[in-house]
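Presented below is the structure to which this report refers.
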Amino acid sequence: MSAPLEGIRVLDVSTLFAGPLAATFLGDFGADVIKVEHPSRPDAARGHGPAKDGVNLWWKTLGRNKRTVTIDLGSPDGADLLLRLVADADVLIENFRPGTLERWGLGPDALHAVNPRLVVARVTAFGQFGPYSGRPGFGSLAEAMSGFAALTGEPDGPPTLPPFGLADGIAALSTAYAVMVALRGAERDGHGQVIDLAIIEPILMLLGGQITAYDQLGTVQPRTGNRSVNNAPRNVYRTADGDWVAVSTSSQSIAERVLTLVGRSELIAEPWFASGHTRAEHADELDAAVSAWIAARPTEIVVDEFERAQAAIAQVYDVRGILADPQYQAIGTVQTVDDDELGPVRMQNVLFRLSETPGAIRWAGRPHGRDTDEVLAEVGVTRDQLDALRAKGVV
């Protein structure tokens, strides 16, 4: 059974996380992703996080299902090679500062002159225009500017940034979605287009209705730690074993079940208990009831009792808990991939399960430039030409 994106060729000329991760999502469902890197300056993502025997481990996931090619796009010969690849491509994903591709003669006009059906996804911190467009930027700046950091952390503590690429990951998902929409447009209309995706925007979209609330009510959402302004009880609580569990009561029925379970069913009759927002105004009282009940019991009993009551609970895991959890095992969230460099490697599986055309991890991230000869041969570069380009440092 063929993969749903088989026959789609994606040129990933981006670096670090948002652009490359979007290309990974497409490759997981069959797209032929060609990762283009500078001959002497590999994608900086290859240097992020831990390594084993000199092999970067995050790259094994980020670079999976991609063929790796080295080309100096800033050289005339390198620009010509990219245009040859573009002629047979469907998508190009880039994240250079605005104006960089144009300076190299590789702007959208030049790309579309070679291939009018090409979808060009431009993923930058601030977008292609505006007063900040020329600034360098990373996901951390988006987490700050979007309001995420201002909402995260304890009320009396500083704004808090996540310890991973949250804004980049959200932007990657958004980019993959935008690419699929644009490909549908190209299929219908016969020509491609340019996607302008600013990393500061997708994370803002997911932060709820705070803009509309400020516009209509003048309210600014405060930091509330692990609590929510929309419902209560909602927090993390420590068990008698010293473990942590998370409880959420986003629906009214779940809130009633939790308070009944912990022996405080009289609170359900209070007028303020009738909605999540007003329950959140009484979070101190509700947290005290739930935390006291949980603190008096071992983790296994707490989880079992919540499940019996059909109330929402989950243990707070680190990576060890994730790998041991039977639900993750049942749905295949973690996949073992055979790798030429490291042998069997475990990593996150594809994002979702399709009943008829499932995705797959065909290989883990490959070494820098491993597939250069093969890919360039596909666009007519001879062995002698390749040797000459390599001698000039173009590939």
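The values are calculated or read from the model by the stated rules, or taken from the named source; none is laboratory data. Keep in mind the model is a prediction, meaning the values are calculated, not measured. Cβ: placed from backbone, ideal geometry, glycine included. Neighbour counts: every protein chain shown. Surface areas here come from the heavy atoms of the whole protein model, side chains and all, with no ligands, DNA or RNA. Shrake-Rupley method; radii C 1.70, N 1.55, O 1.52, S 1.80 Å.
Brief remarks on what is shown
- Rg and Dmax over the alpha-carbon atoms of segment 20-122 stand at 14.3, 45 Å.
- Whole-number accessible area per residue in Å² for segment 1-128, which is evaluated in the context of all protein chains at 1.4 Å: 35
- With all projection directions averaged, the alpha carbon convex hull of segment 152-259 covers 11.5 nm².
- Only protein heavy atoms count here; under a 1.4 Å probe, H282 has an accessible surface of about 60 Å².
- Model label zone, L207; criterion: amide N under 13 Å from point 7 Å along Cα-to-beta-carbon; scope segment 143-172: 143-153, 159-162, 167
- Distance (nanometres) between label positions extended 7 Å along Cα→Cβ at S253 and E356: 3.3
- Distance-filtered residues of segment 43-60 - backbone nitrogen under 17 Å, label point 7 angstrom along L323 Cα→Cβ: 50-53, 57-60
- Cross-link partners of K35 among lysines (Cα-Cα below 20 Å; sequence separation of 8 or more within a chain): K60, K66
- In range of the label at D53: residues from segment 342-367 whose backbone nitrogen is under 13 Å from the point 7 Å along Cα→Cβ: 342-345
- Calculated [222 nm] ellipticity per residue, helices only, for the chain: -10500 deg cm²/dmol; basis is -39500 (n - 2.57) per DSSP H run with n ≥ 4, divided by all residues, nearest 500.
- Couplings 3J(HN,Hα) for segment 65-72, derived from phi with the Karplus relation 6.51 cos²θ - 1.76 cosθ + 1.60 (θ = phi - 60°), are 6, 10, 8, 9, 10, 10, 8, 7 Hz, where x marks Gly and Pro.
- Mean accessible surface per residue for segment 198-273, computed with a 1.4 Å probe while every protein chain stays in place, in Å²: 56
- D_trans [Stokes-Einstein, Kirkwood Rh over alpha-carbon pairs] for segment 95-159, 10 °C, 1.306 mPa s, µm² s⁻¹: 112
- Charge context of G359, other residues only, Cβ under 9 angstrom, K/R +1, D/E -1: 0
- The chain: most fluctuating residue of K60, K35, K52 per GNM, C-alpha cutoff 10 Å: K52
- If the segment from F129 to R103 were pulled out straight at 0.36 nm per residue, it would be longer than the present Cα-Cα gap by 7.8 nm.
- Separation between Cα centres of segment 57-82 and segment 220-255, rounded to whole Å: 45
- Carbon + sulfur, % of accessible area of the chain - ligands and nucleic acids excluded, 1.4 Å: 54
- Cross-link reach list, aspartates and glutamates versus K52, counting only Cα pairs under 17 Å and skipping chain neighbours closer than eight places: D338, D339, D340, E341
- Sorted from longest to shortest, the spans of the Cα atoms of segment 290-345 along the three principal axes equal 52, 19, 13 Å.
- Amide H within-cut-off set for G107, under 5 Å, with H built and near neighbours excluded: E102
- For the chain, complete DSSP H runs whose alpha carbons reach 27 Å or more along their own long axis and whose mean Kyte-Doolittle score is -0.5 or higher are 166-189.
- For the pair R308 and Q221 in one chain, pulling the backbone fully straight at 0.36 nm per residue adds 27.8 nm over the alpha carbon distance.
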